[in-house]
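Notes for the one structure printed next.
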Amino acid sequence: LSWVATMLRIMDKIEKALGQKPTPASGYGAGWEALVKHAEAIHWDKDTNMYADRGLQFYPSGRQEEGFVEHFGYISLFPFLLGMAPKGNQSEAVISIMADAAHLRSKAGLRSLSKTSPRGGKDSVYGTQEDYWRGKVWIC
């Protein structure tokens with residue numbers, strides 16, 4: 001979503017730089033604005049104060065649940081990094097997660113995935129505190 005929104009914003013700027021008037025068929029600026037609102041309405045998780053993917057989650061116990069995919073990681077940062085996050089509480093919350101050593105900050109920079117689940121403790125999906133994308137191969 002963030003990449004598509006950014007592409008629309010770039011196309012809007014190109015269209016304006018070329019002196020072309022937006023048409024209903026182009027609508028790049030309107031598309032950008034719609035996706036910014038969509039990201040806010042659909043992907044902002046008020047419980048964890050972070051942008052998150054949504055989907056059907058399958059748990060080891062066999063339980064299935066539709067909702068936010070509870071992983072902090074670089075995917076959670078895209079709306080903020082690409083200028084889609086509103087200034088204020090959401091931006092501050094994302095910066096806080098980026099700066100927190102329990103989540104994304106490391107000696108080598110930002111981790112791909114958080115060390116812990118958004119609610120703390122074991123990973124909510126895998127339940128094993130698995131090491132994929134968190135291990136020594138990825139962070140030196």
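Things worth noting here:
- Residue in the stretch 6-22 that is under 17 Å from the mean Cα position of the chain (by Cα) and of a type outside the set (Val, Ile, Thr) present: yes
- For the stretch 32-69, filtering for residues that are within 18 Å of Ser91 (Cα to Cα) and part of a loop (DSSP other than H, G, I, E, B) leaves 6.
- Consider the stretch 90-121 and keep the residues that are in a strand (DSSP E or B) and among the hydrophobic types (A, V, I, L, M, F, W, C). The one that is modelled with the highest pLDDT is Leu110.
- In this entry, Pro86 is excluded by the filter for residues that are assigned to a loop (DSSP other than H, G, I, E, B), under 21 Å from Thr6 (Cα atoms) and over 15 Å from the mean Cα position of the chain (by Cα).
- Among the residues of the stretch 19-63, the one identified as basic (Lys, Arg) and touching a residue at least 12 places away in the same chain (Cβ under 8 Å) is Arg54.
- Residue within the stretch 44-59 that is in contact with a Lys or Arg (Cβ under 9 Å, 6 or more places away or on another chain), among the aliphatic types (A, V, I, L, M), closer than 30 Å to Gly109 by Cα and modelled with pLDDT under 90 present: no
- Any chance Gly29 is surrounded by fewer than 17 Cβ atoms within 10 Å (Cβ to Cβ), not acidic (Asp, Glu) and not in a helix (DSSP H, G or I): no
- Entry remark, the stretch 61-88: residues being over 21 Å from Gly31 (Cβ atoms) and in contact with a Ser or Thr (Cβ under 8 Å, 6 or more places away or on another chain) number 6 in total.
- Subset of the stretch 72-83 that is within 18 Å of Ser112 (Cβ to Cβ) and either charged (D, E, K, R) or assigned to a loop (DSSP other than H, G, I, E, B) (or both) - its residue that is least open to solvent (accessible area, probe 1.4 Å): Phe72
- In the stretch 38-71, residue surrounded by the most Cβ atoms within 10 Å (Cβ to Cβ) [restricted to those that are under 14 Å from the mean Cα position of the chain (by Cα) and of a type in the set (Lys, Arg)]: Arg54
The values are calculated or read from the model by the stated rules, or taken from the named source; none is laboratory data. Just so you know, these numbers come straight off a predicted model, no measurement behind them. Every residue, glycine as well, gets a Cβ built from its backbone with ideal geometry; the counts of neighbours run over all protein chains shown. The protein model used for the area step is the full one, side chains on, heavy atoms only, and it has no ligands, DNA or RNA in it. Shrake-Rupley method; radii C 1.70, N 1.55, O 1.52, S 1.80 Å.
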